[in-house]
Every structure is written in C-alpha cells, then in structure tokens.
Amino acid sequence: MGLDQLNLFNGAAKKLGLTRPLAIFDIESTGVDFVKDRIVEISIIKVNPDGTETVRTQRINPEMPIPYEASKIHGIYDEDVVTEPTFKEFAPELLELLEPCDLAGFNSNKFDVPLLLEEFIRVGYNYSIDDRNLIDIFKIYLHYEKRTLEAAYQFYCNKTLENAHSAEADTRATYEVLLGQLQKYSDLKSDDMNALHQLSNEERIIDSGRRLIYLDGQACFNFGKYKGRTIADVLKTDAGYYSWMMQGDFALHTKQKLKEIKQQLQKEGILK
C-alpha cells in the first residue's frame, strides 16, 4: 500500500466514530466445523478510537493433524505449527488484546466468532460477546452487493486481493472493505458501531451454535421440536430437555449460555 493510500485509510479510520477499540480478525483452521476443529492461525488488526492500529498475527499449534484439504487452502501444514504455542498458551495474550473490543470480520458471525468462543471455553477462559458489537462485513456486503471477499476487495478498493486465504492478507482486505463500504454508502453510518452490529445480525442470536435466540425479548429455542418456544416454558414442562442438551453434541458455548439462562430463571424464581 502506497503512502497516500495508507494516509487515506488512516484518515477514514479516525472517522469510524469508535467509542472503544474495534478488532478486525480472521482465522485459519483445521476445518469448517467450529465445534470440532481448531485454530491454526489468527490475525487481528485492533483499531483504536484515535485511528491508531495494532496488528498481531499468530500461528497456533492445534494439537491435532491439519487435514491436507485444509492445508491446500491456507498453506499451513503440520510442520509449520509444531513449535508454535497452543491456544491455551496463547489465550491470556489474546484475551488482553481483545479487551474491550467490538469484533469485526468477514462471515465472522457464522464461523470465526463461534470457533473463537469454543477455543476459549475449551481451555477454561471466560470470553463473553454479550455486550460486544459483532460487525460482519460479509452480511453488510450481501445486503448491498452479494459477492465474495475477493470480489468485495475489487469492488470497494479497486484492487486484486493477493495471497487470499492468508489470515493477515484476508484481515487487511476485510478492514479496507469495511472502510470502503462506509465511504460508498451514505446511509451506512460511520460513527455508529451499534448500527453496523444491527445490520450484521438479523436476529438476536444468544449462542455461537445459533440454537438459542431472543424472540420478543424472551430467550427461546431456535431448533428442533421446541423451536420458537421460550426456554422457561420448555424447562418447566420438560426438565429432561436441559440434561439432554448438556450431554449432547452441542457447542460448548451453547451449553454455557443455556446453563446461564437456567440459573437466571432459577434466581428469578421462575424455575426451581
């Protein structure tokens, strides 16, 4: 990136109207199942309210073989991560870097955020997204253009994305696309992260597995035979459903949020 262009984006970043830092991030992994797969690389651009940036890219030892099909996509093989820290070892530094940030990524609400939550829970760290804005650049993009990251980069930045599926290259491209979107669409407010959060999240999903959802302000199930029914009502009439979910093959974050909701209902006297 040339100096003039860098200054342009730095100037635009200062106009984001951030009240707290925004962490734009991308993850490369062993696969596409956020319950079972692991992170092999994460890259973060932390944009501060004053427009300054901190960039951090870290490869992770996933403690499992990286399937060849995944390695062909992101170019990271077992031998590349054998001496890298595990997620448990890197977690304290990552937590510090992500506090108190809102999160942004490309299709991040469907994969990157859920995988990140699973990794933190798996190693015993509490990382909550309850009070964070989640800005999904892909959702905003689909709202206006319906394309891929490479096409978005070409459309908004008039450049060809080099080294696609490299975490840092994808993260940088995602950041530039966000700034390009804010410049292009006059109705997209650049000084309101909450508005971007609302556009990125068409539903108020409670958990990473999208099994729990808020409907009319009440926590409800979002799947199966009880879809659309409140959790309070279901647990009153079918107490065994809670045990079935807690013992089942659901995301750790889903179980954590269900447990929190049950405890809150008990605290309020709604459940015994």
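What to note about this one:
- Among the residues making up the stretch 188-217, those that are of a type outside the set (A, V, I, L, M, F, W, C), touching a strand residue (DSSP E or B) at 6+ places or on another chain (Cβ under 8 Å) and more than 17 Å from Asp102 (Cα to Cα) are Glu203, Arg211, Tyr214.
- Residue match in the stretch 254-265 (condition: assigned to a strand (DSSP E or B) and either assigned by TED's automatic domain parsing to the domain that holds Gln198 or in contact (Cβ under 8 Å) with a residue 12 or more places away in the chain (or both)): no
- In the stretch 216-252, the residue that is surrounded by the fewest Cβ atoms within 10 Å (Cβ to Cβ) out of those that are part of a strand (DSSP E or B) and touching a helix residue (DSSP H, G or I) at 6+ places or on another chain (Cβ under 7 Å) is Cys220.
- Selected residue (only one of Leu103, Leu161, Leu95 is in the same structural domain as Ile24 (by TED's automatic domain parsing), surrounded by 13 or more Cβ atoms within 10 Å (Cβ to Cβ) and assigned to a helix (DSSP H, G or I)): Leu95
- Subset of the stretch 160-210 [closer than 30 Å to Phe223 by Cα and of a type in the set (D, E, K, R)]: Glu202, Glu203, Arg204, Asp207, Arg210
- Criterion applied to Ile121, Ile135, Ile73, Ile66 was being over 12 Å from the mean Cα position of the chain (by Cα), among the β-branched types (Val, Ile, Thr) and surrounded by 18 or more Cβ atoms within 10 Å (Cβ to Cβ), and the one residue passing it is Ile66.
- Scanning the stretch 164-188 for residues being surrounded by fewer than 16 Cβ atoms within 10 Å (Cβ to Cβ), touching a residue at least 12 places away in the same chain (Cβ under 8 Å) and under 24 Å from Leu18 (Cβ atoms) gives a total of 3.
The values are calculated or read from the model by the stated rules, or taken from the named source; none is laboratory data. Predicted model only: the values in this text are computed from it and were never measured. Using ideal geometry, Cβ is built from the backbone for each residue, glycine included, and neighbour counts are taken over all protein chains shown.
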